[in-house]
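Scroll down for the structure; my scribbles are underneath it.
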Amino acid sequence: MVGTVGSPRTGVIDAGSRAPFGWAPLVVLFIVGLVDRIEHNLLSGVLPAVQKEWGFSDTAAGSIPTAAALAAAVVCLPAGYLADRLNRTRLIAVVVLFWAIATLGSGLATGFVTFYLMRVLLAAAENIDNPAAGSLLADYYPPASRATAYGLTRATTHLGGIGTLLGGVLAEAFSWRTAFLVMVVPGVLTALLVWLLREPRRCELDRLVAGGDASPSPPALKPPPFWRQVRQVLAIPTLVFVCAGLSLLTLGLAGIFYWLPTLMVRTLGAGTGTAGALSGLIPVVGTLIGTLVGSWLGGKWHGTRKGGRLLAGGGGITAGSLVLAVALSMESIVSLAALVLLSCSLMAIAIPNMTACLADVVPAASRGLGFAVLQLLITGGSAFGSLVVGIASDQLGSLLAGMYVLVIPTVAGGLLTLRARTSFERDARKVMDEAAG
């Protein structure tokens, strides 16, 4: 039956269950994130073939992700506004269908301008679904299992290397257009899956967990006027520290990992293929390891230590950043790879825990906007990391020195998220008190 995927199996929500709506919603939203990232990263795999056909410069090629990131940043806050006011499953389904159309447009483009426009529109659309998905997960899963839910969906951000691989293979075997045309099919099917999801009532699960009744309370769930809502969200200390910390982390990692293959080639004598393979594979493996560890550790420490999930995530970021600093100084490709893998694994512990913390401290009526603020700052950080390293490298005469410049914000990001422990319990308790009525 349409709209019943994700309904309580017994017809009644069991607030004591780790998955009162079942695990189907998590699987569907994981697929959304995975298809999103695979499609997003097709471009890097097919880029040589696209440049060969149309002959545009490296500067033009490099401007595509920058323009896409800026377009994505522009839609973040409007996306949060929509997520807090519209049916979220329908919103995501429509957006995913738009992805499929933009992907089709990429594959059928007859010129560089049209292709460029399709990639920018796609990036903007991809950012619209994020706040809605973040808000949905908090209404599907209680605090005890949110680290697992957010960990699995957020891990897809780091699995985009599959798209690079798929794009390169299909471009070489057939044509670069084939890579985009093939991805239209999973896009349409994913939109259909999301359309079948049941829209949970906002705050219902929080209310039950807090010991209140499950009856809807429209005044409590109706978001305030937008700019007042923005001020209220930004007045949550935990959210501010976590978002600022993750923005700094993203700034550092985006720049360091963009230039990591070049560092391997220039200073360690690695071949281009080896450097590219290691730089692509290590983050994927490290993310999977760290997400699994983080989900387990966050669940174990949540409620047993002050700000337990923030301790796990912030500690992982800080330790991982310091390990990364050591890794960059290695003179052996094996040592570098091993330490970077350890660093990625440690920092990925934050993936399930930071997003779960945000869901805990932002009221249900404003969670879409809360995740929009996070996405805005992360997108902004990722847009400028590679540029900072490039400028620093030219000014200092050393790529390694330029990369070390960005180790500083990654460490600072970890310390900021640890700082959020001081306000987390108070902010989370306030949300549950409001939910209980």
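The values are calculated or read from the model by the stated rules, or taken from the named source; none is laboratory data. These numbers were taken from a predicted model, which means no experiment stands behind them. Positions of Cβ are generated from backbone atoms using ideal geometry, with glycine treated the same way; all protein chains shown enter the neighbour counts.
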With respect to T274, determine if the residue is without any contact (Cβ under 8 Å) to a residue 12 or more places away in the chain, farther than 16 Å from L416 by Cα and among the polar types (S, T, N, Q). no
Given the residues G299, G276, G303, G280, which is the only one that is at pLDDT below 90, in contact with a helix residue (DSSP H, G or I) (Cβ under 9 Å, 6 or more places away or on another chain) and at positive phi? G303
Among the residues of region 88-112, which ones are of a type in the set (A, V, I, L, M) and assigned to a loop (DSSP other than H, G, I, E, B)? A109
Could you please find all residues in region 332-360 being in contact with a Gly (Cβ under 8 Å, 6 or more places away or on another chain), closer than 24 Å to L136 by Cβ and part of a helix (DSSP H, G or I)? A350, I351, P352, N353, M354, T355, A356, C357, L358, A359
Taking region 226-239 and keeping residues assigned to a helix (DSSP H, G or I), of a type in the set (A, V, I, L, M, F, W, C) and surrounded by 18 or more Cβ atoms within 10 Å (Cβ to Cβ) leaves V230, V233, L239
Considering region 379-394 alone, what residues qualify as being of a type outside the set (S, T, N, Q) and surrounded by fewer than 24 Cβ atoms within 10 Å (Cβ to Cβ)? G380, G381, A383, F384, G385, L387, V388, G390, I391, A392, D394
Looking at L292, L278, L249, can you tell me which residue is more than 17 Å from the chain's Cα centre (by Cα), aliphatic (A, V, I, L, M) and part of a helix (DSSP H, G or I)? L278
Search result, residues across region 307-331 that are under 21 Å from I408 (Cβ atoms), touching a helix residue (DSSP H, G or I) at 6+ places or on another chain (Cβ under 7 Å) and outside any helix (DSSP H, G or I): M330
Residue match in region 75-94 (condition: of a type in the set (D, E, K, R), surrounded by 21 or more Cβ atoms within 10 Å (Cβ to Cβ), in the same structural domain as L165 (by TED's automatic domain parsing) and touching a residue at least 24 places away in the same chain (Cβ under 8 Å)): yes
Return yes or no: is T178 assigned to a helix (DSSP H, G or I) and buried (at least 17 other Cβ atoms within 10 Å of the Cβ)? no
